[in-house]
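The values are calculated or read from the model by the stated rules, or taken from the named source; none is laboratory data. All of these numbers come straight from a predicted model, not from anything done at the bench. With ideal geometry, Cβ positions are generated from the backbone for all residues, glycine too; neighbour counts draw on all protein chains shown.
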Amino acid sequence: MTGISEEINSRRTFAIISHPDAGKTTITEKLLLHGKALQKAGTVKGKKSGQHAKSDWMEMEKERGISVTTSVMQFPFRESLINLLDTPGHEDFSEDTYRTLTAVDSCLMVIDSAKGVEDRTIKLMDVTRLRETPILTFMNKLDRDIRDPIELMDEVEDILKIACVPITWPIGMGKQFKGVYHLLRDEVIFYKTGQGDIIQEKDVVKGLDNPELDERLGEYADQLRDEIELLSAAANEFDLEEFLAGQLTPVFFGTALGNFGVDHVLDGFVDWAPKPLSRETDRRTVEPEEPDFSGFVFKIQANMDPLHRDRIAFLRVCSGRYEQGMKIKHVRLGKDVRISDALTFMAGDRARVEEAFAGDIIGLHNHGTIKIGDTFTSGEDMKFTGIPNFAPELFRRIRLKDPLKAKQLQKGLIQLSEEGAVQVFRPLSSNDLIVGAVGVLQFDVVVHRLKTEYKVEAAYEPINVATARWVTCDDAKKLEQFQNKCRDNLSLDGGDSLAYIAPTMVNLQLTQERYPEIQFFKTREH
Ligand code: G4P
C-alpha cells in the first residue's frame, strides 16, 4: 500500500470555469481522453455521435437541456490522479457553482479566443479570488479566426486582474493554425487537423533556431521568432509562488475540438497545481496528511438514477483515508454512521476504487439526514467553515395547481432547497411558500423538477419581496420579542433557520435600526 502522503501528493482537484459555449464540455471530453477514461472522444456529449454518454448525470443534463448537476470525474494522468469537478453550465449563476469552487484546490479557466473575457468568467473569477485559488488558463478555438493573442492576455490582465504568463504561444490561427511554441521546453509542437478524437502522436521540432522550422513553417518561422523575442522582453515570468497565490496564471493556447494543447494544460496541473490543501474548521486547521478522516458536504444531488429516489451527498475528503465499510461521525447530528456503499468517481470502466484520500470526492447515499455544509469525521467534533448559503435576490410565491398535494409540494421544495438549487421560505403567519433564487432560471428548473420528480404541478405568482436576511440574537428573550413584533415578515427556511423577508430595502434598513440587538446576515453558513 502506498503511503498517505504519496497518495495526497499525487492528487489534483480542480474545476473548469468558463462562459457558456467557450468549450468546457469539449475540453472535459479531451481531458478524459488523455486520462484514458474514454476510448474515443465524442462520448461525453453524444449529441452528434449518438453514442451514450459515459455519465448518467450528463445524460440527465442533456434531457433537461441545461446543466443542473455537478459531476465529478476522476482519472489518472502521468503520475497524478485528477479529480475534475464539473460546475453547472447553464447561464444562470447558481449557488452550486460557488460551493463547488469551495471544494477544489485549483481551476482551469477556458476562454473563447474569438470572444475574450465574458461575463460569467468574470463572476466566477470573483469567487475563486475569495480563496486565492490558483488558475490555469486555456485560450480555446485557435482553429478559428481569433483575436490577437497579446490583446487577449491584456484583456485578462485588465479585467480579471491576474498577471498572464504565456507557456505556449500560437503559430497562426484559423485555417492557418500551425501549432504552438512551448516557451519553457523550447519546442514547436505541430497541429494536425482531423485528429480531435484521438491522442495524437507528437510532432515536435526542438529549438526556435532550428532551420527545420523555416522549412515547415515558411514565413511563420521568422514571425514566431520575432514574437517570442518580444514576449521575452515584455511578458511576465512564471513564478510558482505567485501562481499558487492566485496572482498569476500560466496561459496555454490550443483547440479543444482538435484536441490540441489540452495535454499541455494537464502537464501544467501535474507540475504546478497544488496538491490537496489544508482546510479551516471552527476549531482548528485540518491538514490533508492527518491520519483521521474528515470531510464536508458541498453538494446534494437528487435522483441521479431516475429509477431510484436516490439522493447523493458529495463529500470532499479533507484528511485521512476513506475505506469502504468504515464508521464515521456525522458531526451535526452527533451520530456515528457506517458507510458501506459510498460512490467513488473513477471515470471509465475501471474497477471501482474502495478508498479515498484528501482531495477526492465521495458520494454518500442520503435519506434526508445530510445537509450541505455537514462535516463528517473519525470522531472529532469540528465543523468545516466557508460553505455559504447566499441570500437570494429573486422571490416568487409558488402555488399548487392541485391543492391536495400541499404535502408533496412542501417536501419537494425542502429537498430541492437542501440540494441548494433554490431556497424555500415558509412565512410564520401564513401557509404560503416563497421560493428564493439567485438566478431566474432556477425557478424554471424547480417547477420542472417538481413535476417530473415529485409529480406536483405548480406555478409562480409575483410577490413583493426585495430581499431576505437570516436573523439571530444571543438574547433569547429579545429574539422572542422581535419574533412577536415582526411575525408577518418572518419565515423559516428549508433548514428551519429564521429569516426576515423584507418587502423593500428601506423596510429592512428601518427594521435593522429599530432592533439593533438582532443580527441580520446576508449568508447563512450551513
Ligand atoms: P460549453 O460546455 O462551454 O458550453 O461549450 P462546448 O464544449 O459545448 O462548446 C461550445 C461549442 O464550441 C460547440 O459547438 C463546440 O463544438 C465548439 N468548440 C469547442 N471547442 C472548440 C474549438 O477548439 N474549436 C472550434 N472551432 N469549436 C469548438 P456547437 O456547434 O455549439 O456544438 P456541437 O453541435 O458541436 O456539439
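Below are the figures for this structure:
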item: Lone qualifier among D239, D222, D271, D263 - being buried (at least 19 other Cβ atoms within 10 Å of the Cβ) and either of a type in the set (D, E, K, R) or more than 16 Å from the ligand (Cβ to nearest atom) (or both); result: D263
item: Condition met for T128 (at pLDDT below 95, away from the ligand (no atom under 16 Å from the Cβ) and either outside any loop (DSSP other than H, G, I, E, B) or out of contact with any strand residue (DSSP E or B) (no Cβ under 7 Å at 6 or more places or on another chain) (or both)); result: yes
item: Residue match in the range 418-440 (condition: within 16 Å of D96 (Cβ to Cβ) and loosely packed, with under 14 Cβ neighbours inside 10 Å); result: yes
item: Residue pairs meeting the criteria (Cβ under 8 Å; at least 6 apart or on separate chains; first under 17 Å from L413 (Cα atoms), in the range 450-469; second at pLDDT 90 or above and in a loop (DSSP other than H, G, I, E, B)); result: L450/V456; L450/E457; K451/E457
item: Any hit, the range 91-112, residues being farther than 20 Å from H19 by Cα, surrounded by fewer than 23 Cβ atoms within 10 Å (Cβ to Cβ), of a type in the set (S, T, N, Q) and at pLDDT 50 or above; result: no
item: Positions within the range 493-526 being within 24 Å of V331 (Cα to Cα), touching a Lys or Arg at 6+ places or on another chain (Cβ under 8 Å), touching a residue at least 40 places away in the same chain (Cβ under 8 Å) and outside any strand (DSSP E or B), in sequence order; result: G495, H526
item: Matching option when the condition is among the charged types (D, E, K, R), at pLDDT 95 or above and over 21 Å from T100 (Cβ atoms), among R487, R469; result: R487
item: Count of residues meeting criterion [more than 10 Å from the ligand (Cβ to nearest atom) and part of a helix (DSSP H, G or I)] in the range 1-29; result: 6
item: Any hit, the range 164-174, residues being within 16 Å of the ligand (Cβ to nearest atom) and assigned to a loop (DSSP other than H, G, I, E, B); result: yes
item: Any chance D112 is more than 30 Å from I372 (Cα to Cα), within 16 Å of the ligand (Cβ to nearest atom) and touching a residue at least 24 places away in the same chain (Cβ under 8 Å); result: yes
item: Residue in the range 142-150 that is within 26 Å of L224 (Cβ to Cβ), away from the ligand (no atom under 16 Å from the Cβ) and more than 13 Å from the chain's Cα centre (by Cα) present; result: yes
item: Any hit, the range 48-68, residues being surrounded by 16 or more Cβ atoms within 10 Å (Cβ to Cβ), at pLDDT 90 or above and either within 30 Å of G116 (Cβ to Cβ) or more than 10 Å from the ligand (Cβ to nearest atom) (or both); result: no
item: Top-ranked residue of the range 182-219 - restricted to ones that are under 18 Å from A256 (Cα atoms) and of a type in the set (S, T, N, Q), ranked as surrounded by the most Cβ atoms within 10 Å (Cβ to Cβ); result: Q200
item: Matching residues in the range 175-191 - criterion: being over 19 Å from S113 (Cα atoms) and assigned to a loop (DSSP other than H, G, I, E, B); result: L183, L184, R185, D186
item: Residue selected from the range 138-151 under the condition surrounded by 22 or more Cβ atoms within 10 Å (Cβ to Cβ) and among the aliphatic types (A, V, I, L, M), by the criterion farthest from D263 (Cα to Cα); result: I146
item: Cβ pairs under 8 Å, 6+ apart, first in the range 13-24 and among the polar types (S, T, N, Q), second within 6 Å of the ligand (Cβ to nearest atom); result: S18/K24
item: Subset of the range 96-123 (residues that are in a loop (DSSP other than H, G, I, E, B) and out of contact with any Gly (no Cβ under 8 Å at 6 or more places or on another chain)); result: A103, V104, S113, A114, K115, G116, V117, E118
item: Test: residue in the range 228-238 that is of a type in the set (F, W, Y) and either at pLDDT below 95 or outside any loop (DSSP other than H, G, I, E, B) (or both); result: no
item: Lone qualifier among G254, G246, G218, G258 - being within 21 Å of the chain's Cα centre (by Cα), assigned by the TED database to the domain that holds M173, modelled with pLDDT of 95 or more and among the small types (G, A, S); result: G246
item: Matching entry among R332, R350 (being more than 27 Å from R283 (Cα to Cα), in a loop (DSSP other than H, G, I, E, B) and modelled with pLDDT under 95); result: R350
